[in-house]
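A short write-up of the structure that comes next.
The values are calculated or read from the model by the stated rules, or taken from the named source; none is laboratory data. Bear in mind that the values here come from a model prediction, so they are computed numbers and not experimental data. Every residue, glycine as well, gets a Cβ built from its backbone with ideal geometry; the counts of neighbours run over all protein chains shown.
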Amino acid sequence: MTVSPSSRSGLRRAGALALAALAAIGLGVAPGTRVEAAPGTLPLGDADLTEVRTSQALADGVTLTRIVRGTEPAPADQINTTTRGPWVVNVLTIDPRRARGHLKATYGPDLARVEKTTDLVRASGALAGVNASFFTFTASQLYPGDPVGLGLFGGKLLSEPLADPAEANFVVDANSNRALTGKLSWSGSVRNRRTGASLPLEFINHPPVVPAGCESLADQTQCTVPGDLVQFTPEFAAATPSGPGVEVVLDKRGCVVRTATTRGTALAAGQTSLQATGRDAAALRDLTVLGCVEQTSTLTDQDGRKLPLRRGLFGVTGRYQLTRDGRIVVPDGAPGDSFFARNPRTIAGTTRDGKIMLATIDGRQTTSVGTTMDETAAVARALGMEDGINLDGGGSTAMAVDGALVNHPSGSERAVGDALVYVNGPYRDGN
């Protein structure tokens, strides 16, 4: 354990140590524990704040560090403005050179449903984990767990990255625990093998929208307004979204099993379906009348290099890159944008020497006020993240160890779309 003020300015050493001892007692650290100056502290709030760090080894190459900066609860009306904190940060560090397990992304019984992070950790047999992707969330939605951006699980692309430049992605190879952050791009298509005719895919596992002006048409093939063309896989839900449009079910060879002029069906293992609305409905019908089709799906990194979809590859979606090559790169937020204000945060990133870090920052509480996007990026860099991204935060922020929360969500633990989890054993396809 290390305890230190950020600066000696205006404090005598004896006074600083007394504050540190009080903070240590508050964390349950035994009185009399040796305290010393930390080699570095978090760049949050006033320089004279006391910072307490406690670390424990969870497994070979895996450590959990808890950082508490500031000793006094914040006034409830000053959470967004105080420079006195406090802040509570939990950091899970995985060293691929020593770790015997693997990091991967996981979701619940199907992609469209939500589960609590603690439940996802337990169901995976994982040692620890954090919430991950942004997701549809709205309780009234039929598919609240639907990822808003990249969803890559075991080499299967189940949700495509958005064209939105704000999206940032975290990708890890569970076979090696090597990870990368950045902005991925995607393109997809459907091509008839016999005729050569093709159509661009627009989405993977997202309900298509019936275009305005054609909502009243039961037969979408009569619509002249562009709609959506979407691929669905059995992982999405018990059934594909229902509604007006055309749906074509394909077997594992890409050959047509059945075609319907309304959407909504159950898919068997190995099957996929294509759904189309608007004038894309007639185009899909015509494309699949003769022969079989092949579907292409290509991911590229921010340098334009193709990312092969191999077994053991997992990826989740964040919003905004925080650090790149050790530099803070998060943009300035628009005035009044609550997303850039102080909130609970979840961060994922990598260090210069290849370690993976997953961190949570509690927020919206008098016991931990949360961080702005600028503060979040500063924390990521101070923790040693050469490359880091901002994952889903707010009420979703959660970290679990052995299936129990180690952080304090801003309300009751929220069910989320997916999680990054560390399983203490080698990766095997499907585990």
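Odds and ends about this structure:
- The set of residues in the range 210-236 that are surrounded by fewer than 22 Cβ atoms within 10 Å (Cβ to Cβ) and within 16 Å of S159 (Cβ to Cβ) comprises D228, T233, P234, E235.
- Residue check, S216 in a loop (DSSP other than H, G, I, E, B) and assigned by TED's automatic domain parsing to the domain that holds N390: no
- In this structure, R311 does satisfy being touching a residue at least 60 places away in the same chain (Cβ under 8 Å) and over 18 Å from the mean Cα position of the chain (by Cα).
- Members of the range 67-104 found to be of a type in the set (S, T, Y) and in a loop (DSSP other than H, G, I, E, B), listed by number: T71, T81, T82, T83
- Hits in the range 318-339 (condition: surrounded by 15 or more Cβ atoms within 10 Å (Cβ to Cβ) and among the hydroxyl-bearing types (S, T, Y)): Y320, T323
- Any chance A132 is modelled with pLDDT of 95 or more, small (G, A, S) and more than 13 Å from the chain's Cα centre (by Cα): no
- Of all residues in the range 95-110, one or more are under 22 Å from T138 (Cβ atoms) and of a type in the set (D, E, K, R).
- The single residue among V289, V316, V329 that is over 30 Å from L358 (Cα atoms) and either in the same structural domain as K355 (by TED's automatic domain parsing) or free of Cβ contacts under 8 Å to residues at least 12 places away in the same chain (or both) turns out to be V289.
- Within this structure, G411 fails the test of being modelled with pLDDT under 95 and outside the structural domain of L120 (by TED's automatic domain parsing).
- Every condition in (1) buried (at least 19 other Cβ atoms within 10 Å of the Cβ); (2) in a helix (DSSP H, G or I) holds for D119 except the one numbered (1).
- Tally of residues being under 15 Å from the mean Cα position of the chain (by Cα) and not β-branched (V, I, T) across the range 100-111: 6
- In the condition set (1) touching a residue at least 12 places away in the same chain (Cβ under 8 Å); (2) surrounded by fewer than 22 Cβ atoms within 10 Å (Cβ to Cβ); (3) on the phi < 0 side of the Ramachandran plot, G243 is compliant with all but (3).
- Flag if L157 is touching a residue at least 40 places away in the same chain (Cβ under 8 Å), within 34 Å of the chain's Cα centre (by Cα) and either farther than 30 Å from D325 by Cβ or in a loop (DSSP other than H, G, I, E, B) (or both): no
- Restricting G45, G15, G28 to residues that are outside the structural domain of L313 (by TED's automatic domain parsing), at pLDDT below 95 and assigned to a loop (DSSP other than H, G, I, E, B) narrows the list to G28.
- Within the range 260-285, the set of residues being exposed (fewer than 15 other Cβ atoms within 10 Å of the Cβ) and either of a type outside the set (S, T, N, Q) or under 19 Å from T195 (Cα atoms) (or both) comprises A260, G264, A266, A268, A269, G270.
- One residue alone among G363, G388, G349 is assigned to a loop (DSSP other than H, G, I, E, B), assigned by TED's automatic domain parsing to the domain that holds F135, touching a strand residue (DSSP E or B) at 6+ places or on another chain (Cβ under 6 Å) and not aliphatic (A, V, I, L, M), and that residue is G363.
- Scanning the range 272-282 for residues that are touching a helix residue (DSSP H, G or I) at 6+ places or on another chain (Cβ under 9 Å) and outside any loop (DSSP other than H, G, I, E, B) yields L274, Q275, A276, D280, A281, A282.
- Residue in the range 188-208 that is over 26 Å from the mean Cα position of the chain (by Cα), among the aliphatic types (A, V, I, L, M) and assigned to a loop (DSSP other than H, G, I, E, B) present: yes
- Filter result for A266 (at pLDDT 95 or above and assigned to a loop (DSSP other than H, G, I, E, B)): yes
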